[in-house]
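The values are calculated or read from the model by the stated rules, or taken from the named source; none is laboratory data. A quick note: this is a predicted structure, and the numbers were derived from the prediction, not measured. No Cβ is skipped: glycine too gets one built from the backbone with ideal geometry, and neighbour counts run over all protein chains shown. Note: accessible area is taken over every heavy atom of the protein model, side chains too, but ligands, DNA and RNA are not part of it. Shrake-Rupley method; radii C 1.70, N 1.55, O 1.52, S 1.80 Å.
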Amino acid sequence: MALSDDNNVFVGGEFGLSCVAGTKSGSAILSEPSQVMADGQVLFSDYSIRAKASDFGHLTANDEITVNDVAYTVRETMFDTDGQLVTITLQKT
């Protein structure tokens with residue numbers, strides 16, 4: 001079985017978090033990489049989630065989504081090669 005055959009296992013596994021956007025709910029994997037810049041004076045965090053396209057592929061810039069009870073605003077939604085998963089960049093609201 002290829003990974004894409006059941007994306008519920010991928011996004012809903014041990015790292016999957018509860019997400020709600022409007023009336024749609026599902027699971028996604030949150031990524032929070034940080035960068036230190038300006039000689040250690042500034043910390044940037046770049047939030048993104050990976051989710052099933054059928055759950056959150058409809059989101060566009062400025063839409064709201066809650067991930068694990070934390071509010072975010074969508075910056076961009078990008079479909080993966082197979083179109084079954086999306087990577088959505090976020091900013092904290």
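Going through region 28-56 one residue at a time, which ones are in contact (Cβ under 8 Å) with a residue 12 or more places away in the chain, open to solvent by 40 Å² or more (accessible area, probe 1.4 Å) and either part of a strand (DSSP E or B) or touching a Gly at 6+ places or on another chain (Cβ under 7 Å) (or both)?
Once the filter is applied, which keeps residues that are in contact (Cβ under 8 Å) with a residue 12 or more places away in the chain, open to solvent by 40 Å² or more (accessible area, probe 1.4 Å) and either part of a strand (DSSP E or B) or touching a Gly at 6+ places or on another chain (Cβ under 7 Å) (or both), region 28-56 yields Ile29, Leu30, Ser31, Ser34, Ser45, Arg50.
Take Arg50 and tell me if it is in contact with a helix residue (DSSP H, G or I) (Cβ under 9 Å, 6 or more places away or on another chain), modelled with pLDDT of 95 or more and among the basic types (Lys, Arg).
Working: in contact with a helix residue (DSSP H, G or I) (Cβ under 9 Å, 6 or more places away or on another chain): yes; modelled with pLDDT of 95 or more: yes; among the basic types (Lys, Arg): yes.
Yes.
Out of region 65-93, which residues are touching a residue at least 60 places away in the same chain (Cβ under 8 Å), open to solvent by 20 Å² or more (accessible area, probe 1.4 Å) and in contact with a strand residue (DSSP E or B) (Cβ under 9 Å, 6 or more places away or on another chain)?
Gln84
Restricting attention to region 6-14, does a residue exist that is charged (D, E, K, R) and in contact with a helix residue (DSSP H, G or I) (Cβ under 7 Å, 6 or more places away or on another chain)? Talk me through it step by step, then tell me what you get.
Initially, region 6-14 is screened for residues charged (D, E, K, R), giving 6, 14.
Filter once more, keeping what is in contact with a helix residue (DSSP H, G or I) (Cβ under 7 Å, 6 or more places away or on another chain): none.
Looking through region 6-14, none of the residues is charged (D, E, K, R) and in contact with a helix residue (DSSP H, G or I) (Cβ under 7 Å, 6 or more places away or on another chain).
Tell me, which residue of region 1-24 that is outside any strand (DSSP E or B), small (Gly, Ala, Ser) and farther than 11 Å from Lys52 by Cβ is modelled with the highest pLDDT?
Initially, region 1-24 is screened for residues outside any strand (DSSP E or B), giving 1-16, 22-23.
Checking which are small (Gly, Ala, Ser) leaves us with 2, 4, 12-13, 16, 22.
Filter again for farther than 11 Å from Lys52 by Cβ, leaving 2, 13, 22.
Numbers: Ala2: 50, Gly13: 81, Gly22: 95.
Out of the qualifying residues, it is Gly22.
Scan region 22-39 residue by residue and report those that are among the hydrophobic types (A, V, I, L, M, F, W, C) and more than 11 Å from the chain's Cα centre (by Cα). Spell out the reasoning first.
Narrowing region 22-39 to residues among the hydrophobic types (A, V, I, L, M, F, W, C): 28-30, 36-38.
Result: Val36, Met37, Ala38.
In this structure, does Asn62 turn out to be more than 11 Å from the chain's Cα centre (by Cα), open to solvent by 50 Å² or more (accessible area, probe 1.4 Å) and at pLDDT below 90?
Values: more than 11 Å from the chain's Cα centre (by Cα): yes; open to solvent by 50 Å² or more (accessible area, probe 1.4 Å): yes; at pLDDT below 90: no.
Here the answer is no, as Asn62 does not meet what is asked.
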